[in-house]
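Asks: Could you have a look at this structure, given as structure tokens, before my questions?
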Amino acid sequence: MRDDELERLFHLYHTPLVRYLTRRLGDRDWAEEVAQETFLRALRQDRLTSERSWLFAVATNLVRDEARKDERRRRHLQLLADEQRDAVVEPVVVDAERAHEQALARRAVDALAEKDRLALLMKEEGLNYTEIAEALGLSVGSIGTTLSRARRRLAETYEAMQADGRRAAGGDDAR
């Protein structure tokens with residue numbers, strides 16, 4: 001691939017790819033590294049068809065590979081991040097509530113089956129059904145069902161986590 005083609009790809013897809021990877025990984029720096037490796041691999045290609053789905057598929061596979069190799073490192077970094085988050089005193093209760101809700105939402109997304117989670121995150125980044133299907137190796141016809149199931153399970157999981165939290169806090173309004 002020529003440098004000008006890579007530059008065009010970078011300008012078109014870097015931001016949505018990093019955003020997708022950040023949501024997937026929960027770590028912007030790591031997302032940037034994976035995106036960089038994805039674009040390096042694109043540079044090695046003579047020609048790309050379905051550029052966006054190719055980039056997202058390669059990035060997804062890199063994340064899977066990295067997760068297999070670096071699970072311990074990731075746990076350690078998460079522990080450090082949790083300690084740092086716990087050390088920061090939230091100035092306003094609303095910020096603490098928002099952080100709690102964001103953490104709850106992140107846990108609900110993480111609880112989804114991998115295929116459902118990836119399809120939902122890719123759709124959130126604006127990929128169309130064809131691109132999602134190509135990136136995940138699924139049929140285009142199954143993407144609507146996959147996304148619908150993922151949304152339903154996400155809502156159910158999130159609501160269950162909220163109810164569990166209310167019960168654990170001794171709230172009487174747990175339904």
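Asks: Taking the condition of being buried (at least 18 other Cβ atoms within 10 Å of the Cβ) and either in contact with a Cys (Cβ under 9 Å, 6 or more places away or on another chain) or not charged (D, E, K, R) (or both), how many residues in the stretch 116-146 meet it?
Replies: Number satisfying all stated conditions: 13.
Asks: For residues that are closer than 16 Å to A67 by Cα and of a type in the set (A, V, I, L, M), scanning just the stretch 15-32, find the one that is surrounded by the most Cβ atoms within 10 Å (Cβ to Cβ).
Replies: The residue in question is L21.
Asks: Can I ask one more? Confirm whether L17 is of a type in the set (A, V, I, L, M, F, W, C), outside the structural domain of E114 (by TED's automatic domain parsing), under 21 Å from R106 (Cα atoms) and out of contact with any Ser or Thr (no Cβ under 7 Å at 6 or more places or on another chain).
Replies: The answer is no for L17.
Asks: Specify which of the listed residues (R175, R106, R166) is exposed (fewer than 13 other Cβ atoms within 10 Å of the Cβ), modelled with pLDDT under 90 and assigned to a helix (DSSP H, G or I).
Replies: R106
Asks: In the stretch 135-158, how many residues are part of a helix (DSSP H, G or I) and in contact with a Lys or Arg (Cβ under 9 Å, 6 or more places away or on another chain)?
Replies: 9
Conditions (1) closer than 22 Å to L104 by Cα; (2) assigned by TED's automatic domain parsing to the domain that holds G126; (3) in a helix (DSSP H, G or I), marked per residue:
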| site | (1), (2), (3) |
| --- | --- |
| L6 | no, no, yes |
| H11 | no, no, yes |
| F39 | no, no, yes |
| L48 | no, no, no |
| W54 | no, no, yes |
| T60 | no, no, yes |
| L79 | yes, no, yes |
| D82 | yes, no, yes |
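Asks: When G137 is evaluated against the numbered criteria (1) of a type outside the set (A, V, I, L, M); (2) farther than 21 Å from T60 by Cβ; (3) at pLDDT 90 or above, which criterion, by number, is the only one it fails?
Replies: (2)
The values are calculated or read from the model by the stated rules, or taken from the named source; none is laboratory data. Since the structure is predicted, the reported quantities are computational estimates derived from the model, not experimental observations. Here the Cβ is made from the backbone with ideal geometry for all residues, glycine too, and neighbour counts use every protein chain on show.
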